1. Between a residue in the stretch 119-134 that is closer than 11 Å to Val60 by Cβ and any residue that is loosely packed, with under 15 Cβ neighbours inside 10 Å and modelled with pLDDT under 95, which pairs come within a Cβ distance under 6 Å, given they are 6 or more apart or on different chains?
2. When you check Ser103 against the structure, is it surrounded by fewer than 13 Cβ atoms within 10 Å (Cβ to Cβ) and at pLDDT 95 or above, yes or no?
3. Take Leu76 and tell me if it is over 20 Å from Gly39 (Cβ atoms) and out of contact with any Pro (no Cβ under 6 Å at 6 or more places or on another chain).
4. Across the stretch 11-50, what is the total count of residues that are surrounded by 16 or more Cβ atoms within 10 Å (Cβ to Cβ), among the charged types (D, E, K, R) and either touching a Lys or Arg at 6+ places or on another chain (Cβ under 6 Å) or not in a strand (DSSP E or B) (or both)?
5. Taking the conditions exactly as written (among the aliphatic types (A, V, I, L, M) and in contact with a Ser or Thr (Cβ under 6 Å, 6 or more places away or on another chain)), does Val64 satisfy them or not?
6. Please work out if Pro67 is assigned to a loop (DSSP other than H, G, I, E, B), touching a strand residue (DSSP E or B) at 6+ places or on another chain (Cβ under 9 Å) and at pLDDT below 95.
Amino acid sequence: MQIIEKVSSASPSEGYCVFEYLYRDASNYKAWGEILLSGTPSQNDIEALLASLESGEYFVAEQVGIPALYQELWELSDGPNSDDHALHEFVALRVASEDERKSLRLFGDLSSLLKTFQAVTTWDYSLSPNFDID
């Protein structure tokens, strides 16, 4: 897991970062995602994010308002199946490149996303459409 490529001394209101994540089903098929956020991550931000994740890497996308990535795999497998589950994986939080700043739509700001993650006390799998698939 790549956590951060560069920690900047810039204030959190400057710059942009990319939150990378993935959905991996039980057969190890993967769908990748990334969102562009305003703000520059600090080491404290990274530590706070990791502390809020289940086992330091998993989260329920629906619970924190991040786009779920199941659909991409469903298109390959004719819909949800027994390999699907509720969790997405955190991959990295890194400074955005100039190309990413131009090509990705701004999703929100880093500070708000971190507060949303930190507010979670228990990950609610039932928010996922994959909850309780047989």
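The values are calculated or read from the model by the stated rules, or taken from the named source; none is laboratory data. Predicted model only: the values in this text are computed from it and were never measured. Here the Cβ positions follow ideal geometry from the backbone for every residue, glycine too, while neighbour counts run over all protein chains shown.
1. Tyr125/Phe131
2. yes
3. Yes, satisfied.
4. 3
5. Considered against the rule, which asks whether it is among the aliphatic types (A, V, I, L, M) and in contact with a Ser or Thr (Cβ under 6 Å, 6 or more places away or on another chain), Val64 comes out as yes.
6. no
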